Amino acid sequence: MTWIARTTDDRREQLGRFLLGTGGMGGIAGATGPGIGLSEEDGHALIDQAIDEGIKVLDTADVYAAGASERIVGAWRAKHPSSAVLIQTKTGVTADGPNLSPERVRRQLAHSLEVLGRVDLYVAHQVDPNTPWEESLPVFSAAVEDGTIRAYGLSNVDGATLTAALETADRLGLARPELIQNQYSLLARADDAEVLPIVQSERLAYTPFSPLANGLLAGRYSHGERPGHGARASVASRAAEFLDDAAAIANVREFDRIAASHDVSSAGLALAWLVNHPVVTAPIVGPSKPSHWQGIHEASQFAWSDEVAAEIAGVFG
């Protein structure tokens, strides 16, 4: 039983070239407070623009901005009940650690349905070491089978846990997870070794988050700049790791040079690399300013070539 298309081109037609991340609405992912995140009004304006730009999926999570992201997306959807945009949300992250217990997944799905009005794609946000797949996956599968959701997926999984989930679903005769949402960018390449080969062989959708490494691949921190209050990089754990890595920043500066030599922004080239990746379905983008759309437009229009790919590989491998 599958809902998401099985070929890369068909998946991109179904899900779009980019997904809109709404974690910055009402806060930034788990962070809230003055000056952090988009207001409801600005969030709704962003969704309107995203749909005009061809976005087909809105991505949120029950934990983002302490629930504010889901509430803002739900309020937008209530104003646009006939919109065909797909709603994707996630569950499993709590203040006490990952929790995918069957009771909690059922409860949170019911809550998200009430807040959002509809859930098309439901994603296990983190692996729960205390709940085996044999217990959690039947809840996701049942939601597919009874028509509550269209498909489900997994986020923040490594090769071993992804393999275990797929094998469990097959062994129990369950609907399989159909999409994977991990961090992936030119700076974060852990999935190259195990996850992407599985995604490709099993014909899963792959919708990575943080495609610009929280702004590091957008040319914002190439020369020692530090993220200001409210910037994603100010609250993202891996951003601090990259910012303090002299070799990584040197690579970013060289990447900036390559982008400039092709008359494209660093953000545009970084997104173009993902858009032209044979395994990536659609990266998740979260523009919060009008200027952020520039890189998205450039990525869609950039004339990709083997020569450009080789230049980038010379820096990042």
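The values are calculated or read from the model by the stated rules, or taken from the named source; none is laboratory data. Please read these numbers as outputs of a predicted model, since none were measured by experiment. Every residue, glycine among them, receives a Cβ derived from its backbone with ideal geometry; neighbour counts consider all protein chains shown. When the accessible area is computed, the model is the full protein with side chains, heavy atoms only, and any ligands, DNA or RNA have been set aside. Shrake-Rupley method; radii C 1.70, N 1.55, O 1.52, S 1.80 Å.
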Does residue 239 satisfy the condition of being at pLDDT below 95, surrounded by fewer than 20 Cβ atoms within 10 Å (Cβ to Cβ) and out of contact with any His (no Cβ under 9 Å at 6 or more places or on another chain)? no
Sole residue being assigned to a helix (DSSP H, G or I) and either without any contact (Cβ under 8 Å) to a residue 40 or more places away in the chain or out of contact with any helix residue (DSSP H, G or I) (no Cβ under 6 Å at 6 or more places or on another chain) (or both), chosen from 68, 84, 61, 95: 68
Segment 177-209, residues that are more than 13 Å from residue 153 (Cβ to Cβ) and in contact (Cβ under 8 Å) with a residue 40 or more places away in the chain: 183, 184, 185, 186, 187, 188, 189, 196, 200, 203
Members of segment 278-289 that are open to solvent by 30 Å² or more (accessible area, probe 1.4 Å) and at pLDDT 95 or above: 278
Using the structure shown, decide if residue 14 is of a type outside the set (A, V, I, L, M, F, W, C), under 26 Å from residue 180 (Cβ atoms), open to solvent by 40 Å² or more (accessible area, probe 1.4 Å) and at pLDDT 95 or above. yes
Quick test for you: out of 37, 43, pick the one residue that is of a type in the set (Gly, Ala, Ser), at pLDDT 95 or above, surrounded by 20 or more Cβ atoms within 10 Å (Cβ to Cβ) and touching a helix residue (DSSP H, G or I) at 6+ places or on another chain (Cβ under 9 Å). 43
So which of 150, 189 is at pLDDT 95 or above, farther than 24 Å from residue 296 by Cα, open to solvent by 50 Å² or more (accessible area, probe 1.4 Å) and of a type in the set (Lys, Arg)? 150
Looking only at segment 71-81, count how many residues are surrounded by fewer than 18 Cβ atoms within 10 Å (Cβ to Cβ) and either free of Cβ contacts under 8 Å to residues at least 12 places away in the same chain or not basic (Lys, Arg) (or both). 4
Taking residue 107 as the residue in question, decide whether it is surrounded by fewer than 20 Cβ atoms within 10 Å (Cβ to Cβ) and free of Cβ contacts under 8 Å to residues at least 12 places away in the same chain. yes
Please go through segment 172-186 and pick out each residue that is over 18 Å from residue 217 (Cα atoms) and either within 14 Å of the chain's Cα centre (by Cα) or open to solvent by less than 40 Å² (accessible area, probe 1.4 Å) (or both). 174, 175, 177, 178, 179, 180, 181
Being free of Cβ contacts under 8 Å to residues at least 60 places away in the same chain, open to solvent by less than 10 Å² (accessible area, probe 1.4 Å) and of a type in the set (Ser, Thr, Tyr) is the requirement here; does residue 155 meet it? no
Which listed residue, of 202, 194, is at pLDDT 75 or above, in contact with a helix residue (DSSP H, G or I) (Cβ under 6 Å, 6 or more places away or on another chain), open to solvent by 40 Å² or more (accessible area, probe 1.4 Å) and under 30 Å from residue 136 (Cβ atoms): 194
In segment 283-314, which residues are part of a loop (DSSP other than H, G, I, E, B) and within 17 Å of the chain's Cα centre (by Cα)? 283, 286, 287, 288
Looking only at segment 272-282, count every residue that is assigned to a helix (DSSP H, G or I) and farther than 22 Å from residue 24 by Cα and tell me the total. 3
Residues of segment 116-165 classified as within 16 Å of the chain's Cα centre (by Cα), of a type in the set (S, T, N, Q) and farther than 16 Å from residue 61 by Cβ, total: 0
When you scan segment 58-66, do you find a residue that is open to solvent by less than 30 Å² (accessible area, probe 1.4 Å) and modelled with pLDDT under 95, even just one? yes
Being of a type in the set (Val, Ile, Thr) and assigned to a helix (DSSP H, G or I) is the filter here, so list the residues in segment 126-154 that pass it. 139, 144
